[in-house]
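Here the structure comes first, spelled out in structure tokens, and everything after it is commentary.
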Amino acid sequence: MNEQYDYLVVGAGLFGAVFAHEAALRGKRVKVIEKRDHIAGNIYTKEVAGIQVHQYGAHIFHTSDREIWDYVNQFAEFNRYTNSPVANYKGHMYNLPFNMNTFSELWGVRTPAEAAAKIAEQRAAANLGDHQPRNLEEQAIALIGTDIYKKLIKGYTEKQWGQKATDLPAFIIRRLPVRYTYDNNYFNDTYQGNAVVNYTDAETPYTRVIEHKHFEFGKGDADQTVITREFPANWQRGDEPYYPVNNQTNNTLYKQYAKLAAAEPQVIFGGRLGQYRYYDMHQVIHAALVTVASEFATTK
Ligand code: UDP
């Protein structure tokens, strides 16, 4: 009852867990509380028939930051899963991310120059003007042209976010690589599987299908599998929050919260929802470590 702590961490997601671990390493007394019956926030996986099922949607760790890579490897061994989802658009399969295989499947082009010319032609026909792309639609067309925008982006994006692509910020689509090489990152093993199929048309009510066992190359019961479909839904009070929707209204609202948060010097707000950023896992860890560095540089 009389327990005394230096830090109370609310939520055992990546940000809270990294912060708690680092604070404890520095000799601080830390208590972590969590409303769910498990740790790890939305990156939690639950074992079913020997298969690690990603309870809150697939989370595939990737980073180019050596420090973050070394950091996470002290806690766990990572496998070499390479994500190369395919898109199902009205029964036609296309390789993702957008690369020479996709361009060749769509237009029959063979060289990067032919693909670039095709994209430039479509970009010019779309009359985007001289300004920077103002929304996701303009950004997508500027990057890969109207064909790919219509078949692989518009339907998927609008059902995922429940908003018009013209109302969404351009940065969301810049997450996806565009490559002028034949590179889908497939493996060479016989028992590789692909774990992710995106449904890019507007009519299919889900965005993607995940077959979890393929994240670990088919590990688990041979005759069992777990498949999940991701159905987007508008968030309502009581639902699990997943994505920050960084449109103008929400960013303006967030700024008001940030002002209130700044008036609470004893409280640190962090993580995907705490900072209202479309963070990947390595970015959350990085943000937590930056917070740790500044917190422990200033306190005694
Ligand atoms: N996206 C798309 N078609 C796809 C996959 C992604 O248009 O087949 C767009 C969509 O707007 C999505 C964004 O790219 O929100 C980022 O996709 P990512 O797979 O990085 O999203 P996450 O894994 O965070 O759900």
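The values are calculated or read from the model by the stated rules, or taken from the named source; none is laboratory data. Being a predicted model, the structure only gives us computed values, none of them experimental. Backbone-built Cβ (ideal geometry, glycine too); neighbour counts: all protein chains shown. Protein only, heavy atoms only, side chains kept; ligands, DNA and RNA dropped before computing areas. Shrake-Rupley method; radii C 1.70, N 1.55, O 1.52, S 1.80 Å.
With respect to the chain, whose longest principal axis is taken over its alpha-carbon atoms, helix 248-262 is tilted by about 20°.
Label-to-label distance, THR82 versus THR111, with points set 7 angstrom from Cα along the beta-carbon direction: 2.6 nm.
By the helix-only formula, in which each DSSP H run with n ≥ 4 contributes -39500 (n - 2.57) and the sum is divided by residues, the chain has a 222 nm mean residue ellipticity of -10000 deg cm²/dmol. Of all the accessible heavy-atom surface of the chain, with the other protein chains kept in place and a 1.4 Å probe, what percent is carbon and sulfur? Solvent-exposed carbon and sulfur of the chain make up 51 percent of the total. On a per residue basis, the convex hull of the C-alpha atoms belonging to the stretch 78-143 measures out at 146 Å³.
Computed from the C-beta positions of ALA49 and PHE75, the FRET efficiency with R₀ = 30 Å rounds to 0.75. Using a simple spin-label model with pseudo-atoms 7 Å out from Cα toward Cβ, HIS131 and PHE61 lie 4.2 nm apart. Using 0.36 nm per residue and subtracting the Cα-Cα separation, the extra length available between GLU3 and LEU253 on full extension is 86.4 nm. The alpha-carbon positions of the stretch 49-175 define a convex hull whose volume is 177 Å³ per residue.
Decide, for the stretch 113-250, between rounded, prolate and oblate: order the square roots of the alpha carbon gyration tensor eigenvalues as a ≥ b ≥ c, take rounded if a/c falls under 1.5, and otherwise choose prolate if a/b is larger than b/c, else oblate.
Oblate, because a/c is 1.5 or more while a/b does not exceed b/c.
Quick check: the angle from helix 112-125's long axis to the longest principal axis of the chain, C-alpha only, nearest 10 degrees? Rounded to the nearest ten degrees, it is 90. Relative to the longest principal axis of the Cα atoms of the chain, the long axis of helix 136-148 makes an angle of roughly 40 degrees. The lysines within cross-link reach of LYS159, meaning a Cα-to-Cα straight distance under 20 Å and a gap of 8 or more places when in the same chain, are LYS90, LYS150, LYS151. The length gained by stretching the chain between THR181 and GLN163 to full extension, at 0.36 nm per residue less their Cα-Cα distance, is 3.3 nm.
The label point for SER294 and the one for ASP280, both projected 7 Å from the Cα toward the Cβ, are 2.3 nm apart. Protection proxy ranking for 285-296, 92-103, using the average of other Cβ atoms within 10 Å per residue and placing the highest first: 92-103, 285-296.
Annotation: lysines with alpha-carbon distance below 22 angstrom to LYS213 (same-chain offsets under eight excluded): LYS46.
Legend: calculated FRET efficiency, LYS31 to TYR242, from the Cβ-Cβ distance at R0 = 25 Å, rounded to 0.05, equals 0.40.
Tell me, Kirkwood radius of the chain from alpha-carbon pair distances, in Å? Taking every pair of different Cα atoms in the chain, averaging 1/r and inverting gives 21.7 Å.
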